[in-house]
Every structure is written in C-alpha cells, then in structure tokens.
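Have a look at the structure below before the remarks.
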Amino acid sequence: MTTIISFQADQAIPFIKQVRLQNPLVHCITNDVVQNFTANILLAIGASPAMVVAEEEVESFVKIANSLLINIGTIEQSSARSMQLAAHTAMMTKTPWVLDPVAVGEVLTFRTNIAKALLSCYPTVIRGNAAEILTLVGQKSQAKGVDSQDSTEIALEAAKELASQVQTIVAVTGKVDYVTNGQQVYAISGGDIALTRVTGTGCSLSAMVAAFVAATPDDRLTATASACFMMKRAADMAIHQQGLGTFAISLWDQLSLMETIS
Amino acid sequence: MTTIISFQADQAIPFIKQVRLQNPLVHCITNDVVQNFTANILLAIGASPAMVVAEEEVESFVKIANSLLINIGTIEQSSARSMQLAAHTAMMTKTPWVLDPVAVGEVLTFRTNIAKALLSCYPTVIRGNAAEILTLVGQKSQAKGVDSQDSTEIALEAAKELASQVQTIVAVTGKVDYVTNGQQVYAISGGDIALTRVTGTGCSLSAMVAAFVAATPDDRLTATASACFMMKRAADMAIHQQGLGTFAISLWDQLSLMETIS
Amino acid sequence: MTTIISFQADQAIPFIKQVRLQNPLVHCITNDVVQNFTANILLAIGASPAMVVAEEEVESFVKIANSLLINIGTIEQSSARSMQLAAHTAMMTKTPWVLDPVAVGEVLTFRTNIAKALLSCYPTVIRGNAAEILTLVGQKSQAKGVDSQDSTEIALEAAKELASQVQTIVAVTGKVDYVTNGQQVYAISGGDIALTRVTGTGCSLSAMVAAFVAATPDDRLTATASACFMMKRAADMAIHQQGLGTFAISLWDQLSLMETIS
C-alpha cells in the first residue's frame, strides 16, 4: 500500500519563492471563461502568462516558453488543432506541459477523445477533479458538467494508475488534493468551499502548476503539490464573510502577497 | 387594457430559494466579453454554469442541462451554427431556453437575421433592452451599439406582441423592467444606473433567468420577474460611492449572499 | 534635437471631460484575455464599448462607431480577416482607429506580418511597448512574449520614425510613456509597477486612446497623451498595499471617478 504524506507549508515555501525568482513564461491555451483570471493569477504568483492560440503561432511559441498549459474547457475544432500541435511540440522540445481535461466524461465525447489523444504527448502533469481523472482511466463517474460530484478519495487509485500509465504526475483536486507520480502520494488539505463557487480557480491552479514545474524542474512532484498548497492557503487567508466577489478579489490578493521577495 | 402589476419582494424570495435548492445546470453559449462574469453570477445565485460551444458538443449537452442560454453578443459563423443546433435541440427536448438578442437592429443585419430565425425554436424567455425588443417585432429604434437609448415603456406593447406571437415570456429591462407573457405584465423597479456602466449585467441577468426558469418550471413568468428583481435588489444593496470596480464586486457579493440557505 | 515636453495634469483634464461629455462609441476587436476588462474600463471613463467581431458585421459597425480599436493579442485566421476589413473601412470612412500590436517580434511572425500590413490602413494611433514599436520599424528587441524587457527610452527614436513613416501618432508606454507625432514628444511619468502585473492595463489604455481621439479630434496628440496620463494617475491613486486584486479593482474605481461631471 502507498503511504499518503501530508504536505506541509515548509515544503512549499522554497518552490513558491522559485517561481517569483524565475518568472517563468507560461504559454496558455485555455478556455474563454477563465483567460483573464488565469493571466492575472499567473502574474500574481510571479509568472509571465502568454495566451497564444493561432495554429500559425503555437509551435514557435512553445519553443521559447518555459512551460505550456492546455485546458480544453471551451474546445472547438480550431483550438483542438492548436492544442494538438502545441502538445506535440512540447513533447519534442521537452517543454513541460500541463493538461487540464475539463469536463471529460460520457456526455462530451468530442473533448474526451481529444484529451485521451493528448496523453500520447506525455503531459508532465494532469490536473483535474475526480470525475475527470476517473474518465481518463476509463472508469465511470457521476459527474454532469464541469463540477464534479465525486470526492477526491474515490479517484486516488485511478490517479495513481493514470500517473503510472502515462509516466506523469496527476493532481486530483477537491476538498483534499492528492498529487501522485504513481508511487508517492502527497495530500494537501485546507482551502475553502468558496473555491468551488468562483469560476476559474481550478483552471488557474492548473496554470500555476505549469509555472511551478517550469521554475523547479528537479522535483516536479513537490512543485505540483506546492502549487496546490499555495491555492488552498490563499483561500484560507482570503476574506469569506462578505460574499463571493470579495472572496475572489481577496484570493487574488493573497496569491500576489504570498512569499513575495522584498 | 393590461394591468401592470408591481412586482414585490415576497413573490421573489421563494423563487430565489428554489434556485439555491435545485442548483440547476445552465448551458451557456454566450459572448466573449461576459463569459467569466456570467459564470460567476450563476455560481453566486446557486446555479451551475457550463460553457459548451463546439458544434460537436452542444446537442449532447443541451440534453443533460436544465436550461440553455443563447446570447449573440459576439456571434460569428461558427458560434451561429452552434446556437442554431442548441436551440433546436432545446425545442425538441423541451429544455427551457433563454434568448438574449444583443444589439439586434438595422446596423447589424447578420445577427438580426439569426436572432429572428431562432424565434422559430420557441425560446422560453427573451430578455433584451427596449431597442432589441422593438427590433424583434419589426419596429425601429434609436439605438446604436449595445446600449439602448430607449426607455422600456416605449417597448412594452412590442414586448406583449412578441410574447403573444412567439408564445414566450419577454423581459424588457432598463430603468423599470417589464416582464410579460402577452397578457400579464409585471413591473420591477429599483436598481441603479451603475448597472448600465458595468459590462455584462444584462447578459448575466439573462443567464439568471435561465437558472430561474429551470428551477421553477411551474410559473415561469414569476420566475423571470424574480430574476429581474434579484438583480435590481442586489444593485440597490451594493456599494456605490467608491467607484464602478467596487460596485461590480459588491453586486457580485450581494447576489451571492441573498437568501442563502444556512 | 526634439524637445521632450513633460505632460501635465491641466492639459489632460479638459480631454478627460470631453470623453465623458461625448460618450464615444468605440468598436473593439481585441483579444480574448482582456475583453471584459476593456469594456469595463471604457464604461468607467464614460465611453461606450461594443465588441463586434464577425466578418459579416465589422464593415457596417465601423461606419457608425466613433472610433475603432484593433488589438492582435489572440489573433487567428478569422479574426485577422475581420481586423483587415475593419481597418480598411476605417481608413475609407476616416474613422479614427488605434492599433495595439501585441507581442509582435521575431518569434510570432504570423501576427507581425499582419500588424505590418495593417499599417497601410493608416492607424490614427499606435500604442505599444518598446519591443513592439522597435519591431514595427524593423529593429530587434530583447523581448519574449508580451512583456517588454526594454525601457521606453530606447524606443523613442523608433517611435518618432514610425510616426513619421505612417503619418500617425505613436505612444510607447512603460515606466515613462512617450507620445509623439514624429516632431513633438510628450513624456508622461507616474504610474506604478503594479500596472504591469494586472493583465489588460496596456490593452485597456489602447482602448482609452481610441475613446479620447474620437472625443477630441482637433488635437489627437494631446488626446493620446491625456489617455496615458489618466491611466498613470489612476494607478497612482489606487490602493497598493492589499495585493493585486484590490489594486485592479481600485484602478477601475479611480478611472470611473476621475473628472466625473456632477
């Protein structure tokens, strides 16, 4: 049996600092709902976002980026082609890349097939909710739409299996986040239910993971767990009692202030 | 002559609560300017937004969604095809759907023709400003662009006519909102001029209407009026004196706090 | 040698007031990351934004708009066609238009070629960072991605050359903004480093310039400098110590409050 290690603040702090020091350029091909929030969250943690989506441009840009994020939330034919081209280039150039397989499942077969095909380009990290991770290993879930009904525990074995199969790191996130390379498992707790009620927090976490694995290539498992930790800790520190608008802005504030280098 | 009934808080409250209880899944095909705000407003009122736009996916998704929103604000050829497919599927599956005919009028004939064609799929509700509603019944307005110069009163007869013709509910919104099924008319007052100076408040109201008619199918006229009431009341309660940024975040806060079930 | 004139508040104030009085309709074809923020900033300063992007609609809309913004940040084949059509229509109808050549440079040749081709439609103003302006006159820069590493001083001669070649106004913005028509040069200082850490502040400034040149056609050089001044002054007045989320909302607040006509 795998031991699950509870991930601690002191492990995350040097990784959070490295992102601020390295200022990694993160090439994002992400969904239309979260582009602005994702760019702002990357800037807040000290990374440089660049949303480059044209088929004519993605190959060139992956080559100069420090990492790539592919999020299929509002995928269409043309963006699907850009994603495939970008992922393939990332594999060839050994650029680390993160897959966020938003809403894969039985209902949306178009994106599900594309997400599965993208696995052949060996994502460095896959970040999803329980339903999405279950889908990628061929299991069923109860999810409808983008919000998973499943707790993360039930997808832990699937996450390990997926990580082993694709030689990747899988972060299955929810009330407790689990981050695994198939052997080791980190558990990150904390955070707040309000995170599920602000759009783009999961998508932005995937972007943060891309920044972290770019900044600290030696230990990508800890880097991924550190990104998860940073989001949960920022949520803990954000203002809760004034409503979701204030929470969202306060979350952004907290991410921008955490471990800033003075 | 039609009696105009002034809509009251006690009518809206049970409908607002039902949205939080039912957590309806709202399939949104909306414009690029407001996707993030719309998703956040739907989450704030207790609904589940899902932006699914690919031609390959809209049919499957309408079938599992509790309602559909079509907003033509940044319509293009490919999104137009998805909208037509989604609206047709909604009609066939009796999924309630809301049309927001952004900026229809003499200048933008491409979208105006598409919006008129969409009427044949029998939208459950049409939510627009005065100029847009006048356009849909073939009358002229003074509007240029997306912001209507007309007061809602001058479109009230057009709203009733449109509601009768298409067997739908029409919400014509502005300083006073009118909601009609062709016979009954509710008037909702309150709100604030600042609502017209934050982008996406009208578009998000249309999304809220989609959530309300999904959660309370027995009385869609009252459901639509309740959504209008909720937006106006939240604007009344939001912080005004600190500028439009604070107003927008405070509006989001108020929507998230109103009639929360503890 | 050109004298550089330090731009002062008393020059900007009447121009800021004119935007509020004229309420110009600004047709925006801009990137997916900043559409919401751009629309909100235009509303905050008293302009009317309209995002109209379909090839079928841009010609008609340029004809009724008071100005046009073209921002190539997330350009693709279909948006490129709309941009070319819109810019050509603006030239033919003498509608003032602003080009924001986001991320042009050696890496992204697709957009760079399109941006250079758009120069033949005589933009009224070009607003960019140092690297972008250097690229448009055929010089190299050190930039990767969208964030320029160069200080604006090193692009001042290039800005003057570009302004003379294309008979346009060039605003090269950064720590100090320079605005030139090839002969005169205004320098605008102030602002805050936080502006570079909130996405869309540069893109929104380009949209503000479009509003200013529409509202005050007699002196477009001063109008452009006034827009730059307004953004820097709002940043000076915004809340800094609470993090980037609060800064962004406070910047929006300050823009909405500055020189409001009571």
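Please go through region A:73-99 and give me each residue that is closer than 16 Å to A:Val33 by Cβ and either free of Cβ contacts under 8 Å to residues at least 40 places away in the same chain or among the charged types (D, E, K, R) (or both), ordered by number.
A:Glu76
Which of the residues belonging to region C:229-248 are in contact with a Phe, Trp or Tyr (Cβ under 7 Å, 6 or more places away or on another chain) and in a helix (DSSP H, G or I)?
Scanning region C:229-248 gives C:Phe229, C:Leu244, C:Gly245.
Among the residues of region B:100-118, write down those that are in contact (Cβ under 8 Å) with a residue 40 or more places away in the chain and in contact with a strand residue (DSSP E or B) (Cβ under 8 Å, 6 or more places away or on another chain).
If the condition is that a residue be in contact (Cβ under 8 Å) with a residue 40 or more places away in the chain and in contact with a strand residue (DSSP E or B) (Cβ under 8 Å, 6 or more places away or on another chain), then B:Asp100, B:Val102, B:Ala103, B:Ala115, B:Leu118 are the ones that fit.
Select, from A:Val209, A:Val185, A:Val179, A:Val213, the only residue that is within 25 Å of B:Ala39 (Cα to Cα), among the hydrophobic types (A, V, I, L, M, F, W, C), away from chain B (no Cβ under 14 Å) and in contact with a Ser or Thr (Cβ under 8 Å, 6 or more places away or on another chain).
Selected residue: A:Val209, the only one of A:Val209, A:Val185, A:Val179, A:Val213 that is within 25 Å of B:Ala39 (Cα to Cα), among the hydrophobic types (A, V, I, L, M, F, W, C), away from chain B (no Cβ under 14 Å) and in contact with a Ser or Thr (Cβ under 8 Å, 6 or more places away or on another chain).
Go through region B:201-246 and give me each residue that's under 18 Å from B:Ile126 (Cβ atoms), among the small types (Gly, Ala, Ser) and out of contact with any Lys or Arg (no Cβ under 7 Å at 6 or more places or on another chain).
Passing the criteria: B:Gly202, B:Ser204, B:Ala207, B:Ala210, B:Ala211, B:Ala214, B:Ala223, B:Ala225, B:Ser226, B:Ala227.
If I ask for residues that are crowded, with 24+ Cβ neighbours inside 10 Å and out of contact with any Phe, Trp or Tyr (no Cβ under 8 Å at 6 or more places or on another chain), which ones from region A:1-15 would you list?
None; the set is empty.
If you go through region A:240-248 one residue at a time, do you hit one that is in contact (Cβ under 8 Å) with a residue 12 or more places away in the chain and either away from chain B (no Cβ under 12 Å) or of a type in the set (Val, Ile, Thr) (or both)?
No.
Considering only region C:244-257, I want to know if a residue exists there that is surrounded by 23 or more Cβ atoms within 10 Å (Cβ to Cβ) and of a type in the set (Asp, Glu).
Within region C:244-257, one or more residues are surrounded by 23 or more Cβ atoms within 10 Å (Cβ to Cβ) and of a type in the set (Asp, Glu).
Those residues that are within 9 Å of another protein chain (Cβ to nearest Cβ), touching a Gly at 6+ places or on another chain (Cβ under 9 Å) and in a loop (DSSP other than H, G, I, E, B), I need them from region B:24-64; list them, please.
B:Asn31, B:Asp32, B:Val33, B:Val34, B:Val52
Considering only region A:197-215, how many residues are polar (S, T, N, Q) and outside any helix (DSSP H, G or I)?
Number satisfying all stated conditions: 1.
Yes or no: B:Ser226 closer than 19 Å to A:Thr246 by Cα, assigned to a helix (DSSP H, G or I) and of a type outside the set (Phe, Trp, Tyr)?
So B:Ser226 does not fit the description; no.
Could you grab me the full set of residues in region A:14-45 that are under 14 Å from the mean Cα position of the chain (by Cα) and small (Gly, Ala, Ser)?
A:Ala39 - this is the single residue of region A:14-45 that is under 14 Å from the mean Cα position of the chain (by Cα) and small (Gly, Ala, Ser).
Every residue in region A:16-53 that is in contact with an Asp or Glu (Cβ under 8 Å, 6 or more places away or on another chain) and of a type outside the set (A, V, I, L, M), please.
Within region A:16-53, A:Lys17, A:Arg20, A:Thr30, A:Asp32, A:Gln35, A:Ser48 meet the criteria.
Check whether at least one residue in region A:4-22 is in contact (Cβ under 8 Å) with a residue 60 or more places away in the chain and over 26 Å from A:Ala187 (Cβ atoms), and report yes or no.
So far as region A:4-22 goes, yes, one or more of its residues are in contact (Cβ under 8 Å) with a residue 60 or more places away in the chain and over 26 Å from A:Ala187 (Cβ atoms).
When region A:188-200 is examined, which residues are found to be aliphatic (A, V, I, L, M), touching a Lys or Arg at 6+ places or on another chain (Cβ under 9 Å) and within 14 Å of chain B (Cβ to nearest Cβ)?
A:Ile193, A:Leu195
Does any residue of region A:5-21 turn out to be in a strand (DSSP E or B) and of a type in the set (A, V, I, L, M, F, W, C)?
yes
So that you can scan it fast, the table gives a plain yes or no per residue for (1) of a type in the set (Lys, Arg); (2) touching a helix residue (DSSP H, G or I) at 6+ places or on another chain (Cβ under 8 Å); (3) farther than 26 Å from B:Asp253 by Cα:
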{"position": "B:Thr3", "(1), (2), (3)": "no, no, yes"}
{"position": "B:Leu21", "(1), (2), (3)": "no, yes, no"}
{"position": "B:Ile29", "(1), (2), (3)": "no, yes, no"}
{"position": "B:Leu42", "(1), (2), (3)": "no, yes, no"}
{"position": "B:Lys63", "(1), (2), (3)": "yes, yes, yes"}
{"position": "B:Ile72", "(1), (2), (3)": "no, yes, yes"}
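Scan region C:53-72 for residues that are without any contact (Cβ under 8 Å) to a residue 24 or more places away in the chain and under 21 Å from C:Thr124 (Cβ atoms) and report the count.
1
Restricting attention to region C:119-141, which residues are polar (S, T, N, Q) and in contact (Cβ under 8 Å) with a residue 12 or more places away in the chain?
Within region C:119-141, C:Thr124, C:Asn129, C:Thr135, C:Gln139, C:Ser141 qualify.
Residue under question is A:Pro49, and the condition is that it be crowded, with 24+ Cβ neighbours inside 10 Å, at pLDDT 95 or above and closer than 27 Å to A:Leu156 by Cβ; does it hold?
no
Could you grab me the full set of residues in region A:88-126 that are within 14 Å of another protein chain (Cβ to nearest Cβ), under 19 Å from A:Ala215 (Cα atoms) and surrounded by fewer than 19 Cβ atoms within 10 Å (Cβ to Cβ)?
Residue satisfying the conditions is A:Thr93 alone.
Out of C:Leu69, C:Leu85, which single residue is farther than 18 Å from B:Gly243 by Cβ, surrounded by 24 or more Cβ atoms within 10 Å (Cβ to Cβ) and more than 8 Å from chain B (Cβ to nearest Cβ)?
C:Leu69
The values are calculated or read from the model by the stated rules, or taken from the named source; none is laboratory data. Please read these numbers as outputs of a predicted model, since none were measured by experiment. Heads up, the Cβs are rebuilt from the backbone with ideal geometry, glycines too, and the neighbour counts pull from every protein chain shown.
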